[in-house]
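Following: one structure in structure tokens, then a few remarks.
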Amino acid sequence: MRLDSHVVVRRAAFTLDLELTVEAGEVVALVGENGVGKTTYLHAVAGLVELDDGYVRLGDRVLDDATGRKHMSVEERRCGLVFQQHLLFSHLSAAENVAFGLRARGVGRRDARAWAREWLERLGVAQHADTPATRLSGGQSQRVALARALATEPDVLLLDEPFAALDVTARPAVHALLREHVFDDVRPVVLVTHDPADASALADRVVPLALGRPAA
Amino acid sequence: MSAPAGSDVFMTDRTRSGHETTSPAPRVARRRRAPLPLLVPAALGFLFLVAPFVALLVRSPWGDLGSLVTSQGALQALWLSLRTATAATVVCLILGVPLAWVLARTSFPGQNLVRSIVTLPLVMPPVVGGVALLSLLGRRGLLGSLLDTAFGFTVPFTTLAVVIAETFVALPFLVLSVDGSLRSADLRYEQAAAVLGASPWYVFRRVTLPLVGPSVAAGGLLSFARALGEFGATITFAGNFPGTTQTMPLAIYLAMQDDPSTALALSLVLMAVSLAVLIGLRSRWVSGLIGVAS
């Protein structure tokens, strides 16, 4: 699987114009100050933002093609997006959050639940499976959000500032977690962060971004 | 009337008291003495609202209350009122939640006009609503004449007409409440659900509805209360037949002519039901849910 994209999104404050190809299993970090369009890029790939120009291809599927006026709907794209604020559904437990994507695709309740447990276990939060999402700590909710995205077996993983909600001492553990249980040889990963240290520690390739364009 | 955020209109007081318990500062600030030019009208205003209820309580025929309230006519009217108001609330929920969703989540030409029309029954005299319903569904009405010739079926002066009249006046309460809460809800949760592969219909059922559930509950309770008290549209469109269209408000009005003590007793019953609705709106259950949603 390979992510092949040229994303052009015009905003009042900036124009995002980024050509980015991520190979199977590659981890690319987009690094830049707040407001340069990093999140906009992730949302464009996930389909939450429409392209003004360019294209997004994932494997042999065309998700977006501005010239051909193609825009695949968000729910069909098979993108795993972990939001900066995690956005766990507050009326559901951790396990129900992880099972959500599977249930939405028609997987039966028991199978979805078993699968969700497995992912919670891999990410080290199995003991919180029945905890309401609102009662999880920042670090726990991040792991649940990761599990929720991964449980749907997405074709690409998009991580938006995965360390923003964590205190500094928790970072090494999350780095290890991502390397061991989240990154694999197949799925391309785009990681957005404003911290160059996190980027170089985790990514195969760092792409600095300044006001919508790759920095020199 | 460009729709106000419905839930805000109805829930200001609760949010304020919630705020008070969490932070001590405003409580101290609110303890200051009110200036006389504000205090006097405020006290008068409160008295104005509460005095009639006190009079109602004082004048109520407490001794005969049991027998008056359980008389056949009273029970019939109460039972009819509860049935029709419940049915109207159900119809309001089935039609009103989707209507609120379309108003809040889509954009189309004339949307503000649609929103104004939805709120029209709020500001219109209910008796006008009754006349309007008759023009549509009456035996000689636009639609009613068709129903009459095609199926020999007439709506006015039936229990169905009561439900229709009550729904007509109660629907705006539900739509406003849910529309306001949908528009202030955090869209990102719905986006997160869509990214996970959920269809728009699945997102609505599993994310949006739980998110605005408290407003749906509050709007439903308000609709029920409004339907229960409906008088003008009902008597115009459905008439005043004991057992089929004579709801509590109609029975009270009729009793007032020749049997005031029955009217007082029935009024007490309606007042108790309204109080129950009010307590429902303020209960821990509803406000707890509201706390989650906001």
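Right, B:Ser107: of a type in the set (Ser, Thr, Tyr), over 20 Å from B:Ala272 (Cα atoms) and within 27 Å of the chain's Cα centre (by Cα) or not?
Yes.
Out of all the residues in the range A:98-111, is one or more more than 8 Å from every other protein chain (Cβ to nearest Cβ), open to solvent by 10 Å² or more (accessible area, probe 1.4 Å) and closer than 30 Å to A:Gly54 by Cβ?
For the range A:98-111, residues more than 8 Å from every other protein chain (Cβ to nearest Cβ), open to solvent by 10 Å² or more (accessible area, probe 1.4 Å) and closer than 30 Å to A:Gly54 by Cβ: absent.
Could you list, in sequence order, all residues of the range A:61-97 that are of a type in the set (Ser, Thr, Tyr) and either within 10 Å of chain B (Cβ to nearest Cβ) or part of a loop (DSSP other than H, G, I, E, B) (or both)? Before the answer, list the steps.
Step one: of the range A:61-97, the residues of a type in the set (Ser, Thr, Tyr) are A:67, A:73, A:90, A:93.
A:Thr67, A:Ser73, A:Ser90, listed by residue number.
Report, by residue number, each residue of the range B:173-214 that is in contact with a strand residue (DSSP E or B) (Cβ under 9 Å, 6 or more places away or on another chain) and either at pLDDT below 95 or polar (S, T, N, Q) (or both).
Our first condition is that a residue be in contact with a strand residue (DSSP E or B) (Cβ under 9 Å, 6 or more places away or on another chain); within the range B:173-214, this holds for B:191-192, B:195-196.
Hit for the range B:173-214 is B:Gln191, nothing else.
Within the range A:20-34, identify whether any single residue is over 21 Å from A:Asp195 (Cβ atoms), out of contact with any Lys or Arg (no Cβ under 6 Å at 6 or more places or on another chain) and away from chain B (no Cβ under 14 Å), and answer yes or no.
yes
Please go through the range A:123-145 and pick out each residue that is in a helix (DSSP H, G or I), away from every other protein chain (no Cβ under 13 Å) and either out of contact with any Leu (no Cβ under 8 Å at 6 or more places or on another chain) or surrounded by 22 or more Cβ atoms within 10 Å (Cβ to Cβ) (or both).
Once the filter is applied, which keeps residues that are in a helix (DSSP H, G or I), away from every other protein chain (no Cβ under 13 Å) and either out of contact with any Leu (no Cβ under 8 Å at 6 or more places or on another chain) or surrounded by 22 or more Cβ atoms within 10 Å (Cβ to Cβ) (or both), the range A:123-145 yields A:Gln127, A:Gln140, A:Gln142, A:Arg143.
Answer yes or no as to whether A:Leu48 is assigned to a loop (DSSP other than H, G, I, E, B) and open to solvent by less than 10 Å² (accessible area, probe 1.4 Å).
Against the criterion (assigned to a loop (DSSP other than H, G, I, E, B) and open to solvent by less than 10 Å² (accessible area, probe 1.4 Å)), A:Leu48 does not qualify.
Would you kindly identify the helices (runs of 4 or more DSSP H) lying entirely within the range B:121-204 that contain at least 1 residues that are among the aromatic types (Phe, Trp, Tyr)?
B:144-151, B:159-184, B:187-195, B:200-203
Would you be able to say whether some residue in the range B:55-65 is open to solvent by 70 Å² or more (accessible area, probe 1.4 Å), within 25 Å of B:Asp259 (Cα to Cα), basic (Lys, Arg) and at pLDDT 65 or above?
Yes.
Among the listed residues A:Leu146, A:Leu123, which satisfies the condition of being in contact (Cβ under 8 Å) with a residue 24 or more places away in the chain, outside the structural domain of A:Ala176 (by TED's automatic domain parsing) and touching a His at 6+ places or on another chain (Cβ under 7 Å)?
A:Leu123
What number of residues within the range A:12-27 satisfy the criterion of being in a loop (DSSP other than H, G, I, E, B) and either β-branched (Val, Ile, Thr) or free of Cβ contacts under 8 Å to residues at least 60 places away in the same chain (or both)? Steps first, please.
Initial filter on the range A:12-27 (in a loop (DSSP other than H, G, I, E, B)): A:12-14, A:23-26.
Checking which are either β-branched (Val, Ile, Thr) or free of Cβ contacts under 8 Å to residues at least 60 places away in the same chain (or both) leaves us with A:12-13.
Counting residues in the range A:12-27 that are in a loop (DSSP other than H, G, I, E, B) and either β-branched (Val, Ile, Thr) or free of Cβ contacts under 8 Å to residues at least 60 places away in the same chain (or both) gives 2.
Within the range B:195-213, track down each residue that is at the interface with chain A (Cβ under 7 Å from one of its Cβ atoms), within 21 Å of B:Gly180 (Cβ to Cβ) and open to solvent by less than 10 Å² (accessible area, probe 1.4 Å).
Selection gives B:Val207 alone.
Hey, among A:Arg171, A:Arg187, which residue is within 13 Å of A:Leu159 (Cβ to Cβ) and in the same structural domain as A:Gly35 (by TED's automatic domain parsing)?
Values: A:Arg171 fails: within 13 Å of A:Leu159 (Cβ to Cβ).
Going through A:Arg171, A:Arg187 in turn, the sole match is A:Arg187.
Looking at the range B:141-172, which of its residues are of a type outside the set (Val, Ile, Thr), at pLDDT below 95 and open to solvent by 10 Å² or more (accessible area, probe 1.4 Å)?
B:Leu142, B:Leu143, B:Ser145, B:Leu146, B:Leu147, B:Asp148, B:Ala150, B:Phe151, B:Gly152, B:Phe153, B:Pro156, B:Phe157
Where residues in the range A:41-60 are touching a residue at least 60 places away in the same chain (Cβ under 8 Å) and within 14 Å of another protein chain (Cβ to nearest Cβ), which of them is nearest to A:Ala210 (Cα to Cα)?
Residues of the range A:41-60 that are touching a residue at least 60 places away in the same chain (Cβ under 8 Å), as a first pass: A:41-42, A:45-46, A:58-59.
Filter again for within 14 Å of another protein chain (Cβ to nearest Cβ), leaving A:42, A:45-46, A:58.
On the way: A:Leu42: 16, A:Val45: 19, A:Ala46: 21, A:Leu58: 25 Å.
Among those that are touching a residue at least 60 places away in the same chain (Cβ under 8 Å) and within 14 Å of another protein chain (Cβ to nearest Cβ), it is A:Leu42.
The values are calculated or read from the model by the stated rules, or taken from the named source; none is laboratory data. This is a predicted model, so every value here is computed, not measured. Glycine also receives a Cβ, built like all others from the backbone with ideal geometry; neighbour counts cover every protein chain displayed. To get the accessible areas, we keep the full protein, side chains included, count just its heavy atoms, and leave off ligands, DNA and RNA. Shrake-Rupley method; radii C 1.70, N 1.55, O 1.52, S 1.80 Å.
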